[in-house]
1. Would a scan of the stretch 161-172 turn up a residue that is under 14 Å from the mean Cα position of the chain (by Cα) and of a type in the set (Val, Ile, Thr)?
2. Considering only the stretch 155-165, I want to know if a residue exists there that is crowded, with 21+ Cβ neighbours inside 10 Å, under 20 Å from ILE231 (Cα atoms) and not basic (Lys, Arg).
3. With respect to the numbered conditions (1) surrounded by fewer than 21 Cβ atoms within 10 Å (Cβ to Cβ); (2) modelled with pLDDT of 95 or more; (3) closer than 25 Å to LYS73 by Cβ, which one is the sole condition not fulfilled by ILE175?
4. For the stretch 160-179, how many residues meet the condition of being touching a residue at least 40 places away in the same chain (Cβ under 8 Å), closer than 18 Å to ILE193 by Cα and of a type outside the set (Phe, Trp, Tyr)?
5. Under the condition of being in a loop (DSSP other than H, G, I, E, B) and over 20 Å from the mean Cα position of the chain (by Cα), which residue from the stretch 58-79 is surrounded by the most Cβ atoms within 10 Å (Cβ to Cβ)?
6. If you check ALA180, ALA150, which single one turns out to be surrounded by fewer than 18 Cβ atoms within 10 Å (Cβ to Cβ), assigned to a helix (DSSP H, G or I) and of a type in the set (Gly, Ala, Ser)?
7. Please name all residue pairs, on different chains or six or more residues apart, with Cβ atoms under 6 Å, provided the first residue is in the stretch 97-120 and is within 18 Å of GLY213 (Cα to Cα) and the second residue is surrounded by fewer than 17 Cβ atoms within 10 Å (Cβ to Cβ) and of a type in the set (Asp, Glu).
Amino acid sequence: MSPQPTPPRRRLRPRTAIALGTVLCASCAGLIAAAPALSDPPRPATNRADADGFVPLVTETFASDFDLVGIEKSTLTIKGDEVAVSGHPDGYFATRKSYKNYTLRFEWKYDRPAGLKDDAKFSGNSGLLIHIVGQHKIWPKCIEMQLMNADAGHVFGVGAKFASAKVPGAQQRAIKPVGAWNATEVVCKDGAIAASINGVVISSGRGDDVVEGKIAWQSEGAPIRFRKLEIKETKP
């Protein structure tokens, strides 16, 4: 999902913009841990925590753990812990449980279109919806971590107040070519959110409007795959 348009505002000088991003990201320092290593084969479905305390979200009980909003079962293809999303129609699959303080890890990739020569021209779009509150709809009040390939990792509010900034140049360093897996980590703590891709912090911010809610992954126009969805709840 693309960020909602905002009123025009004064352009910051480059040094001021960099300083703002540094301050916001520094406020979330320590939230981001190293991203997990990538591996090709999906793991067997299990609902037991690993040695680090992370619990897989996609297991044999997927149907009872998630709600489908705006999409049908045919939109998703599940094999082991991998969820392939067709991209049509628009919608999302959301946890039935709400979360507040946690570290979320998952990997994502778009299927590379045949003949794509320039990744900058790829228009693949999706997103991670965090702290969903209120009634499910297209689209709900929440915080989104952008998964549009050109702007992946950008965190912003959808109908919610949320102040954030991106680290200059981080997306260019972090995002892999279209068709490759990207390891992503999102840390939420008392309204503060920090997002990293492949071990690189992309953006961070804070908001008091929504600080707890359900988590969802979008279907929004392009085939995308998610795997190794796992979460570790933390104490305040």
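1. no
2. yes
3. Of the numbered conditions (1) surrounded by fewer than 21 Cβ atoms within 10 Å (Cβ to Cβ); (2) modelled with pLDDT of 95 or more; (3) closer than 25 Å to LYS73 by Cβ, the odd one out for ILE175 is (3).
4. The qualifying residues number 8.
5. Within the stretch 58-79, the first condition is being in a loop (DSSP other than H, G, I, E, B), and the residues that meet it are 58-61, 70-72.
With the extra rule that they be over 20 Å from the mean Cα position of the chain (by Cα), the set shrinks to 60-61, 72.
Numbers: GLU60: 12, THR61: 10, GLU72: 10.
It comes out as GLU60.
6. Numbers: ALA180 fails: assigned to a helix (DSSP H, G or I).
Exactly one residue qualifies, and that residue is ALA150.
7. SER98/GLU212; LYS100/GLU212; TYR102/GLU233
Yes/no per residue for (1) within 13 Å of the chain's Cα centre (by Cα); (2) not charged (D, E, K, R):
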| site | (1), (2) |
| --- | --- |
| VAL187 | yes, yes |
| VAL200 | no, yes |
| SER203 | yes, yes |
| PRO223 | no, yes |
| LYS232 | no, no |
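The values are calculated or read from the model by the stated rules, or taken from the named source; none is laboratory data. Quick caveat: nothing in here was measured; it's all calculated off a predicted structure. When we count neighbours, we look across all protein chains shown, and the Cβ atoms used for this are built from the backbone with ideal geometry, even at glycine.
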